[in-house]
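Heads up: the structure comes next, in structure tokens.
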Amino acid sequence: DVKVTQSSRYLVKRTGEKVFLECVQDMDHENMFWYRQDPGLGLRLIYFSYDVKMKEKGDIPEGYSVSREKKERFSLILESASTNQTSMYLCASTSGDDTGELFFGEGSRLTVL
Amino acid sequence: KQEVTQIPAALSVPEGENLVLNCSFTDSAIYNLQWFRQDPGKGLTSLLLIQSSQREQTSGRLNASLDKSSGRSTLYIAASQPGDSATYLCAACCNAGNMLTFGGGTRLMVKP
């Protein structure tokens with residue numbers, strides 16, 4: 001079975017803290033994505049990566065950065081967390097071929113106080 | 001820019017009913033269309049993926065169809081069960097970079 005693993009299911013952080021969200025996939029996928037999901041706003045793409053050390057901005061990159069040092073791992077970084085970054089964060093991956101099936105992790109619920 | 005709409009936003013049916021969830025998209029030049037299920041507080045689980053050259057896909061009690069010319073996809077659930085209660089999302093993929101555009105989802109409740 002394919003697997004995308006997000007390291008933390010629930011986090012509580014304080015305003016101004018640096019936050020790392022980790023995502024690992026075991027499918028040798030080229031493409032990895034970070035989304036956030038909020039009630040009434042749906043899923044919004046933050047960043048994606050199509051190769052090691054490559055990254056592209058999504059629709060809402062402000063306040064976030066990412067790191068992809070290894071193919072299987074894609075990290076989302078909140079340099080200075082703010083309350084408006086309280087959200088559900090979802091990592092996903094897909095192969096680079098034409099099938100394009102997207103696989104998601106279980107999500108990380110972040111609360112910033 | 002692609003826009004994906006799912007109507008209704010919420011649906012409640014008695015157990016055993018056959019039901020159809022709708023998904024419409026504005027740009028017919030899609031790569032594929034994928035249906036997902038999401039349980040509360042969880043990630044998305046892929047249900048069915050329809051490539052642009054296909055008309056439908058089936059998995060168990062689920063059948064998804066795709067009509068690119070009309071910009072529509074439907075997810076048919078046969079003999080619904082309480083365990084089918086979840087939010088169902090569709091997503092259209094429009095380029096080789098695998099950038100999906102998601103619909104807002106339909107929240108389904110199947111009552112025993």
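The values are calculated or read from the model by the stated rules, or taken from the named source; none is laboratory data. Source: prediction; values computed, not measured. Cβ sites come from the backbone with ideal geometry, for glycine too, and all protein chains shown count toward neighbours. Surface accessibility is based on the protein's heavy atoms, side chains included, excluding ligands, DNA and RNA. Shrake-Rupley method; radii C 1.70, N 1.55, O 1.52, S 1.80 Å.
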(request) Compute the distance in nm between two label points, each set 7 Å from the Cα along the Cα-to-Cβ direction, one at A:K71 and one at B:L19. (result) 4.1
(request) Let me know the mean shielding of B:35-43 by other chains, meaning the per-residue number of their Cβ atoms within 10 Å of its Cβ. (result) 4
(message) Please list, by residue number, everything in region B:32-58 whose backbone N is under 20 Å from a paramagnetic label point 7 Å out along Cα→Cβ of A:R44.
(response) B:41-44
(request) Specify which residue in the list B:G60, A:H29, B:S85 is farthest towards the positive end of the charge dipole of the protein assembly as shown, using unit charges on the beta carbon of Lys, Arg (+1) and Asp, Glu (-1), about the Cα centre. (result) B:S85
(message) What percentages make up the Cα-Cα pair-distance distribution of region B:32-102 when the bins are 5 Å wide from 0?
(response) 3, 16, 27, 25, 17, 9, 3, 0
(request) Give the Rg/Rh ratio for region A:5-113, taking Rg as the radius of gyration of the Cα atoms and Rh as the Kirkwood radius, to two decimals. (result) 0.95
(request) Heavy atoms only, probe 1.4 Å: what % of the accessible area of chain A goes to carbon and sulfur, would you let me know? (result) 49
(message) For the pair A:T111/B:S46, report the inter-label distance in nm, with labels modelled 7 Å from Cα in the Cβ direction.
(response) 3.3
(request) State which entries of A:K55/B:K42; A:K3/A:K53; A:K13/B:K1; A:K13/A:K53; A:K13/A:K71; A:K70/B:K68 exceed 30 angstrom in Cα-Cα distance in the structure shown. (result) A:K13/B:K1; A:K70/B:K68
(message) Rolling a 1.4 Å sphere over the protein heavy atoms, what is the accessible area per residue of chain A, to the nearest Å²?
(response) 49
(request) May I ask for the accessible area buried between chains A and B, both sides summed, probe 1.4 Å, to the nearest 100 Å²? (result) 1600
(request) Please state the charge dipole magnitude for chain A, taken about the Cα centre, from unit charges on C-beta atoms (+1 on K and R, -1 on D and E), reported in debye and rounded to the nearest 20. (result) 600
(message) List residues of region A:9-38, by number, whose backbone nitrogen lies under 20 Å from a label position 7 Å along Cα→C-beta of A:K3.
(response) A:9-10, A:21-33
(request) Only Lys, Arg, Asp and Glu count, each charged at its Cβ (+1, +1, -1, -1), so figure out the dipole size of chain B about its Cα centre, rounded to 20 debye. (result) 100
